[in-house]
Amino acid sequence: MKSYIILFILLTNIVAKGQVSLSLPLERSVFQRDNTGQTTVTFGGQAMVSTSTYQIQYKLVTLDRDGNNTNYNSQSWVNINDFGGGRTFQFNLPISTGWYRMYIRASQNNNQIGGTSSIKFGVGEVIVIAGQSNAQGVGPIPPPEANTSNSPYDCVISNNEQLFCKRSIAPFPIFGKMENSSRVGPNGVGVWAYQRLGNRIVDFEDGKIIPVLFFNVGASGTSVDNWSATADDQNAYVQNPLWDNNIHCNSAGVPTSENNGQGQPYIALRNTLHYYASMFGIRGILWHQGESNTVTNSSSATYASLLDNVIQKSRDHFNGNLAWAISNVSRINHEGIDKTSSNVLAGQNTSRTNKGGVIGAGNSDDIFDPIGSEGTKRQLDRTHFAKDGLFDLANQYFSNFGSLKAKTPIQSSSIPSISVTPNSSGGATLSVPSGYSEYRWVQYDGNYKDVDCSSSPSPCSNSITLASNSGNWRCYIKASNGNFMLTRKVYLPVTLTNARIASDKDVFLENESIIKSSVYPNPTYENFETTIAFELPSDANNLRLDIIDSKGTVIKTLANGNHAAGKYSYPFDIKELSLSSINVYYYRLTVDDIVETKRLLHIK
């Protein structure tokens, strides 16, 4: 059995004088800019300080494309005046195109009190990819060089979830740099052409860094007929023409635990729009599909009508201004014969003409290897792109990005603030505005779909009353149009004096030791042993290490009791803990009065 290490270094011999937690925006999130190059970003968090006279301050620092600070020392600390109950805060700032790190601190007479918290985020471009396998990605092939140095940029971002064929709303959003080994969730396989495309967009405008966030809902083998039928009826089942006409997502080897393909493939696009595009905004949909319709001999009029319907339904369901970029795509090797379809290409061209807010995205039929030549543009199946073909595909997309950028983007939804009413015991009543269609309060960055509305206290109304030992909470809010918003966190108890609550990032404490926590690998996988290791520089009288779920329920206690100074490691096996059905879980380390909780993503 292979063994991976989660390194957890905890230096705790001095109790913190104060700390500030920053929980909005989410780490490495990117927000869609408007056509002036700006958007409004919401920042939110909570102060845990022992003094009653303090000021919360922020410092916004620009980063280069590799994530390095460029102006930390030249930026001043700015006072925040928007406070709520429980020493919480939330405020909005207009932010221009760029890659940033926001620092938050508490101060007294301009002298820092305790810790500084920070979050990396960007304002740039958000793109959703849809289509079939040459959009989704296929095969363990190397990605094309991202740029001349073959180095992925720090500000090209993806979500590493794998939700292909799953109907449910995605888990809590977790973002990361698009490395060569990354996925582009929720459906993507590998980075495909998108790492190179992202890097080229980053450098699109002289003197600016343009961060890019990608989501991929491609679905292998699907026809435009499949997309249109499930756009009309999200309870429909469709036959995938390249899967021997089996029900899509309901054939051997495909995960079917949730709904056996009901509503697929369109439901994945709709969920992504309502969830991710609502939270972060969107520039548009990048559509690469047509090979299956070459096989089914679609007419140009039929293809155009069906694609028009998919475009219109996406706008009806999400936003009437949603832009689309459509590639010319028909090339496939079927039954050993290279085929293209002038009808499919004509249908794609007609759809661009029929619908406003639609542009072309190149002609990928032009990317192929002549018969008898060694395959560098396409894989051995002569259908799916190989490394050099992906390079060309990314360049085709990029050459049309200027036209897509000219369309009106959709901005992220406004985030309601949480009202916090503390009580004398350290608990509080948390409330968000009424009038929305659904509310789901979650502990420890839990998942919307896992909330049990029958539990107590009820997590499914616009307010919830919590005890002082309840940990930290957020609220998913769903509007009547289906769009989601995610609030900042509130940590309990809200009246701490000499204790502190750990933030989700490294916390640096003035004149104190450093708490540093890092997780590897994250995500984790079944059949691999995971080890939590930590080092104590001094004795700990009360130490406890637990594995917990999103509700805070202890699944297993790995350590409990006195620990002398020194190094410790505690292995556990995910499979043995019956975590195979959980996407996100946590480890919680308590040392005397300090509690550190960290999220782990589990890939099944």
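The values are calculated or read from the model by the stated rules, or taken from the named source; none is laboratory data. Values in this document were obtained by computation on a predicted structure and should not be read as measured data. We place every Cβ from the backbone using ideal geometry, glycine too, and count neighbours over all the protein chains shown. Protein only, heavy atoms only, side chains kept; ligands, DNA and RNA dropped before computing areas. Shrake-Rupley method; radii C 1.70, N 1.55, O 1.52, S 1.80 Å.
Of note:
- Across segment 460-507, the qualifying residues are those that are open to solvent by less than 10 Å² (accessible area, probe 1.4 Å) and of a type in the set (S, T, N, Q), and the one among them that is modelled with the lowest pLDDT is 503.
- A Cβ distance below 7 Å, combined with a sequence gap of six or more or placement on separate chains, defines the contacts here; from segment 193-209, residues that are within 10 Å of residue 156 (Cβ to Cβ) reach no residue that is crowded, with 24+ Cβ neighbours inside 10 Å and among the polar types (S, T, N, Q).
- Of the residues making up segment 371-395, those that are open to solvent by less than 60 Å² (accessible area, probe 1.4 Å), in contact (Cβ under 8 Å) with a residue 60 or more places away in the chain and of a type in the set (Lys, Arg) number 0.
- In the set (1) crowded, with 23+ Cβ neighbours inside 10 Å; (2) within 30 Å of residue 478 (Cβ to Cβ), the condition left unmet by residue 341 is number (2).
- Of all residues in segment 270-293, those being farther than 16 Å from residue 127 by Cβ, open to solvent by 10 Å² or more (accessible area, probe 1.4 Å) and of a type outside the set (Lys, Arg) number 2.
- Hits in segment 396-428 - residues which are farther than 28 Å from residue 40 by Cβ and surrounded by fewer than 17 Cβ atoms within 10 Å (Cβ to Cβ): 399, 423, 424, 425
- For segment 1-41, the set of residues classified as open to solvent by less than 40 Å² (accessible area, probe 1.4 Å) and at pLDDT below 50 consists of 6, 8, 10, 12, 16, 18, listed by residue number.
- Residue 513 falls short of the stated requirement of being modelled with pLDDT under 80, part of a loop (DSSP other than H, G, I, E, B) and open to solvent by less than 10 Å² (accessible area, probe 1.4 Å).
- Of all residues making up segment 121-152, the number that are crowded, with 21+ Cβ neighbours inside 10 Å and either at pLDDT below 95 or assigned to a helix (DSSP H, G or I) (or both): 9
- The lone criterion from (1) modelled with pLDDT under 90; (2) crowded, with 24+ Cβ neighbours inside 10 Å; (3) of a type outside the set (A, V, I, L, M) left unmet by residue 180 is number (2).
- Identity of the residue in segment 42-56, at pLDDT below 95 and open to solvent by 10 Å² or more (accessible area, probe 1.4 Å), that ends up nearest to residue 83 (Cα to Cα): 55
- Failed condition for residue 538, given (1) at pLDDT 65 or above; (2) among the polar types (S, T, N, Q); (3) touching a helix residue (DSSP H, G or I) at 6+ places or on another chain (Cβ under 6 Å): (3)
- Residue check, residue 456 part of a loop (DSSP other than H, G, I, E, B) and open to solvent by 60 Å² or more (accessible area, probe 1.4 Å): yes
- Qualifying positions in segment 74-120 - outside any strand (DSSP E or B), open to solvent by 20 Å² or more (accessible area, probe 1.4 Å) and under 15 Å from residue 47 (Cα atoms): 81, 82, 84, 85, 87
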